[in-house]
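Remarks on the structure that follows.
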Amino acid sequence: MNNAERIAKMVASKYKEIFGVEKYIFDRLLRLLEVADTYQRKSSAGRKSQLSVLDKLVITLMYWREYRTYRHIAFDYGVGKSSIGEAVLQVENTIIASGLCNLKSTRELCENPNNIKIAIVDVTEQEIERPKRGRKSGIQARKRGVSRQLCKWNNLSINWTYY
């Protein structure tokens, strides 16, 4: 049974428990994403996405609610990790651009803290680039009294001159 069938059979009281939002908010987000999807894909050129608009919304809400990694969600849907990242980013950008969810400035929040209703915080995972152990191809540090240093990066030799 796919997501569309399971969600169609779902009772309205379960939405908050499973997705973290009420049914009317879920439906509103889904309509927003469907309209945005028709405008974003004006032509039928290019490859169709493996994920439907409903799947992208469910993935994003699952990611926000459960803090699952892209790799685990990708395994469940049978797509690549980058496809999940692109889906989450597309949904977030669409919601932000619509003005449906927006945060006020820090000053406005500090002036009236009792007016906050909902706050969404994105802590998107990003891989940390670290140099490989045992390699000497990194950028050399500047030594005292040395005006020119040799930098080897991606098999390029660059002379740095300090004035």
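The Cβ shell under 15 Å around E5 holds other residues with a net charge of +2, Lys and Arg each +1, Asp and Glu each -1. For K23, the shell of other residues with beta-carbons less than 12 Å away shows a net charge of 0, using +1 for Lys and Arg and -1 for Asp and Glu. Computed from phi, the 3J(HN,Hα) profile of region 71-85 under the Karplus parametrisation 6.51, -1.76, 1.60 (θ = phi - 60°) reads 5, 5, 5, 4, 5, 5, 9, x, 10, x, 4, 5, 5, 5, x Hz, with x in place of Gly and Pro.
Counting neighbouring beta carbons within 10 Å and listing from fewest to most, the residues Y67, Y15 come out as Y67, Y15. Label separation (L100 vs K16): 1.9 nm, computed from points 7 Å beyond Cα along the C-beta direction.
By the beta-carbon count within 10 Å of each Cβ, the least crowded to most crowded order of S98, S13, fewest first, is S13, S98. Shape class for region 3-104, computed from the alpha carbon gyration tensor (a ≥ b ≥ c): rounded, with a/c under 1.5. Derived scalar couplings between HN and Hα for region 19-26 equal 9, x, 9, 6, 4, 5, 5, 4 Hz in order, rounded to whole Hz, by the Karplus curve 6.51 cos²θ - 1.76 cosθ + 1.60 (θ = phi - 60°), x for Gly and Pro.
Counting Lys and Arg as +1 and Asp and Glu as -1 over every other residue whose Cβ lies under 13 Å from the Cβ of Y77, the net charge comes to +1. Taking other Cβ atoms within 10 Å as a rough exposure proxy, I84, I73 sort from fewest to most as I73, I84.
Only the coordinates and a few stated rules stand behind these numbers; no lab work does. Every value quoted in this text rests on a predicted model; they were computed, and no experiment measured them. Glycine gets a Cβ as well: all are built from the backbone with ideal geometry, and neighbour counts include every protein chain shown.
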